[in-house]
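Accompanying notes for the structure given below.
Each reported figure results from applying straightforward, stated rules to the coordinates on display, with no laboratory input. Remember, predicted model here, so these are calculated numbers, not experimental data. As a convention, Cβ positions derive from the backbone with ideal geometry for all residues, glycine included, and neighbour counts pool all protein chains shown.
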Amino acid sequence: MNVAIKVFNLQIEGAFRSFDIECEAMRNILHRNLVKIITCCSNVDFKALVLDFMSNGSLEKWLHSENHFLDILQRINIMVDVASALEYLHAGHPTPIIHCDLKPSNILLDEDMVAHVGDFGIAKLLGEGELMKQTMTLATIGYMAPANCISSIMELALNCSSELLEERKDMKDVVATLKKIKQNFLNKIEQV
């Protein structure tokens with residue numbers, strides 16, 4: 001078994017809190033698209049997490065390097081993986097978790113190019129009362145125009161980044177929409 005070790009620099013302000021939050025957020029979480037914490041090491045002057053090793057590194061490496069390339073199907077699969085992880089964090093776990101630092105460097109890819117969301121150092125764990133006001137939005141799965149794959153993804157991205165929360169889709173609908181986009185893409189490939 002290959003593992004990665006995340007050692008916290010305790011000289012940096014907030015490192016103790018970041019370690020505690022990450023341990024609390026991830027201790028009972030099991031989802032195929034979240035980086036698994038195997039164990040942790042903690043004493044007064046040393047804190048570290050032992051994590052599953054992700055052999056393909058971060059999504060950032062794949063997006064911003066001339067040596068790596070993601071085709072459209074891989075990109076869609078990564079979007080579905082990340083959206084599935086967020087849906088689970090927001091609505092599929094007894095204590096909703098808001099990641100607060102989702103970016104390509106915090107999305108890791110395993111040997112099969114399956115995306116795993118990691119680095120929960122500034123995550124926010126919500127109580128039940130906070131669930132509705134902070135993670136739920138009013139949206140329904142709507143008609144997806146038979147446009148090409150890229151414009152469908154862009155349309156979804158614009159919806160997800162709307163300034164008004166009530167205009168955004170919730171994560172369950174985002175996952176469903178991404179799966180529809182992927183299926184439409186695969187259907188078009190088969191027709192060619």
* Structure fact -> So LYS124 and ASN2, fully extended at 0.36 nm per residue minus their Cα-Cα distance, gain in nm 41.0 nm
* Asked: Which residues make up the longest stretch of the chain that has no GluC sites (Glu not before Pro) in a DSSP loop with at most 12 other Cβ atoms within 10 Å?
  -> 14-65
* Anything over 24 Å Cα to Cα? Flag those among LYS36/LYS172; LYS103/LYS188; LYS36/LYS188, in the order listed. => LYS103/LYS188; LYS36/LYS188
* To do: Starting from the eigenvalues of the Cα gyration tensor, five times each then square-rooted, give me the equivalent ellipsoid semi-axes of the chain, largest first, whole Å.
  => 31, 22, 13
* Using the beta-carbon distance between GLU66 and LYS103 and R0 = 30 Å, what value does 1/(1 + (r/R0)^6) give for FRET efficiency, to the nearest 0.05? -> 0.90
* Sparsely packed chymotrypsin sites (Phe, Trp or Tyr not before Pro) within region 44-126, loop by DSSP, other Cβ within 10 Å at most 15 -> PHE53, PHE69
